[in-house]
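Notes follow once the structure below has been shown.
No lab work stands behind these numbers, since they all come straight from the coordinates. Nothing here was measured: the structure is a model prediction, and the numbers come from that model. Ideal geometry is used to build each Cβ from the backbone, glycine not excepted, and the neighbour counts take in all protein chains shown.
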Amino acid sequence: MARVTTTGARTPFIAGNWKLNLDHLQSIAFVQKLAWSLKDARLDFNEVEVAVFPPFTDLRSVQTLISADKLPLKFGAQDLSEHDSGAYTGEISGAFLKALDCQYVIIGHSERRTLHNEGDDVVAAKTAAAVRHGLVPVVCVGETAEDLEKHGPSAVPVAQLKAAIAGLTAGTDIVVAYEPVWAIGSGQAATPEQAEQVAVQLRAVVADLLGQEAADATRILYGGSVKSGNIAGFMREPNVDGALVGGASLDIPEFSSIIRFQKHVGV
Ligand code: 13P
């Protein structure tokens, strides 16, 4: 598990959440071009882990391409069912994702919490399902603008994370994504200081529930209007270990530049 770099630090993790964009043919062209762009730029994949999260229907194509061309990219799904099999029309089992070599799965994205009414109980059940099938859950938490005004930045993300991981065994490998709802797709990112402040609290939750060793190894990402122009600020914060990128992950030069944050900002 590439959770630490050669220097023993947590490996930065830059993830692209494609949401409902790119069909399976487009996904092949996109991943090929992204890999070429990173190769041209001589990216050291030991120093940053890169993952894409395409729609379900693209996963088989992405898997085949990455495996055939031995591309140093990871991939995962954007959601999974809390159930393993059965009469659940339209659902996708963690077992199916594992069979496609998915390593990660996004859980509890604010768009699923809001548009699909997924509460903390569903998020916890999906997190458990991911772990049960050997997938690393990328657990998303974040406050709305109203929560921010009422409770400050940390209270809601902290409560959401506690609910999501309370049932996991100590030492479980997870990724946490702090995505303030008001920052998603708005062009208005949080400040690096706010992301750091919340990341510190989230790491404390991981330490409490999964143990200090897991907390030290867990990557905590920031998401919400991340671009090449603001990634450096986030990556300079000691507790922010990467980014979950939406819109900007669909633009190859822009996403490639975010991935190469170390080169262009000298962090
Ligand atoms: P944007 O980067 O488009 O703000 O989206 C963030 C996000 O929701 C990633 O999961």
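Above 21 Å, the calculated P(r) of the stretch 110-267 contains 44 percent of its Cα-Cα pairs.
Relative contact order of the chain, taken over Cα pairs closer than 8 Å and 6 or more residues apart, is 19 percent. Taking one quarter of the surface of the C-alpha convex hull of the stretch 137-222 gives a mean projected area of 5.1 nm².
Based on C-alpha pairs under 8 angstrom that are at least 6 apart in sequence, the stretch 68-168 has a relative contact order of 27 percent. Backbone geometry of the stretch 63-73 corresponds, through the Karplus equation with coefficients 6.51, -1.76 and 1.60 at θ = phi - 60°, to 3J(HN,Hα) couplings of 4, 4, 5, 4, 6, 5, 8, 6, 7, x, 10 Hz, x marking Gly and Pro.
Stokes-Einstein, applied to the Kirkwood radius of the stretch 19-168 over Cα pairs at a viscosity of 0.692 mPa s and 37 °C, places its translational diffusion at 197 µm² s⁻¹. Between Asp23 and Ala68, the FRET efficiency from the beta-carbon distance, with R0 = 25 Å, is close to 0.80.
Derived scalar couplings between HN and Hα for the stretch 184-194 equal 6, x, 9, x, 10, 6, 5, 7, x, 5, 5 Hz in order, rounded to whole Hz, by the Karplus curve 6.51 cos²θ - 1.76 cosθ + 1.60 (θ = phi - 60°), x for Gly and Pro.
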